[in-house]
1. Placing unit charges on C-beta atoms (Lys and Arg positive, Asp and Glu negative, everything else neutral), compute the dipole magnitude of region 160-273 about its Cα centre in debye, rounded to 20.
2. Please report the net charge: other residues with Cβ closer than 13 Å to the Cβ of A216, K and R +1, D and E -1.
3. Just to be sure I understand the model, the point goes 7 Å from the Cα along the line to the Cβ. What's the resulting T15 to H45 distance in nm?
4. Choose one of S187, T26, T150: the residue whose Cα lies farthest towards the positive end of the charge dipole of the chain (beta-carbon charges +1 Lys, Arg; -1 Asp, Glu; about the Cα centre).
5. For region 188-273, which chymotrypsin sites (Phe, Trp or Tyr not before Pro) pass both filters: DSSP loop (anything but H, G, I, E, B) and at most 15 other C-beta atoms within 10 Å?
6. Sticking with the crude label model, points 7 Å out along Cα→Cβ, report the distance from V260 to K161 in nm, one decimal please.
7. Which lysines have a Cα less than 21 Å from the Cα of K23, not counting those fewer than 8 places away in the same chain?
8. Restricting to Cα pairs below 8 Å that are 6+ residues apart, what does the relative contact order work out to for region 173-224? Please round to a whole percent.
Amino acid sequence: MSARPSDPAPLRRITAPQIAARKGDTPIVALTAYSAPMAAAVDPHAEVILVGDSLGMVVHGLPSTLGVTIEMMILHGQAVMRGSARALVVIDMPFGSYEESPEAAFRNAARIMAETGAGAVKLEGGARMAPTIRFLTDRGIPVMAHIGLTPQSTHTLGGFKTQGRDQASWPAHLADARAVSDAGAFSVVIEGVTEALADRLTEAVPIPTIGIGASARCDGQILVLDDMLGLSGRVPRFVQKFGDLGPRAEDAIAAYAAAVRDRSFPGPDNLYR
């Protein structure tokens, strides 16, 4: 059935190449989301929605991201795709799904994209992952890279430590940024690095940098939605709470419990006569 002239044109999703073209332009807004309702709330305001493996901790109560599975990422990715219409949806590749070999990474990335309809995947690692990024991008899978503090590698990094405090480490980080860019990544998340280093990384590569705990001069910014809304517990220093919904939710739940116990709920307006 053809669309009538009065029907509004369907929204076209932002693509990875369009994000890549935003280098040095208006800052890119990115946020995480893990459910259809939250994706619907984020979609009008953000260019990128990341279905982050942080869902393991935020949604499932895991102690870290290491227990997240491909099935979990696909399930939440499908929900976010159903709840959004405009933003580029990027899905994290969980720990163990891409490190073994470029071929294994391709199989898993292809499955994630085929089963969710998302527009890109994200994986952690710099120069060591460049061959895998090239393998994926050569086969039609857009890749967002992730360098600096990489949460899946905290055991080898010695915890959640800010990167780049020692300028002697800067050449390695610069090499990581250039390697993922040269390999075909359309953008790169820079997490948990000193401001001066983040500025150098942003200047060093032709692809957009998305900062989280980095610098306001990155080409874009991303936060975990639940942290930004005050729905998490203790959050890192780099998080600004733009809302404090946690206490408000607890107050609403307490009011509901009290209304049930004193039998004021359900009231006349909540019943069928």
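1. Details: 12 positive and 15 negative charges, 67 e Å.
Using only the charged Cβ atoms, the result is roughly 320 debye.
2. Details: positive: R217; negative: E195, D199, D219.
Computed value for this residue: -2.
3. Using points 7 Å along Cα→Cβ, the separation is 2.8 nm.
4. Of the options given, the answer is T26.
5. Numbers: sites: F238, F242, Y256, Y272; in loops: F238, F242, Y272.
Sites meeting the loop and neighbour criteria: F238, F242, Y272.
6. 4.8 nm
7. Counting by Cα, and skipping residues close in sequence, K23 has these lysines nearby: K122.
8. Values: 85 pairs, mean separation 17.5, N = 52.
Across region 173-224, relative contact order equals 34 percent.
Every number here is computed from the coordinates shown, using simple stated rules; none is lab data. Being a predicted model, the structure only gives us computed values, none of them experimental. Note: ideal-geometry Cβ built from the backbone for every residue, glycine included; neighbour counts use all protein chains shown.
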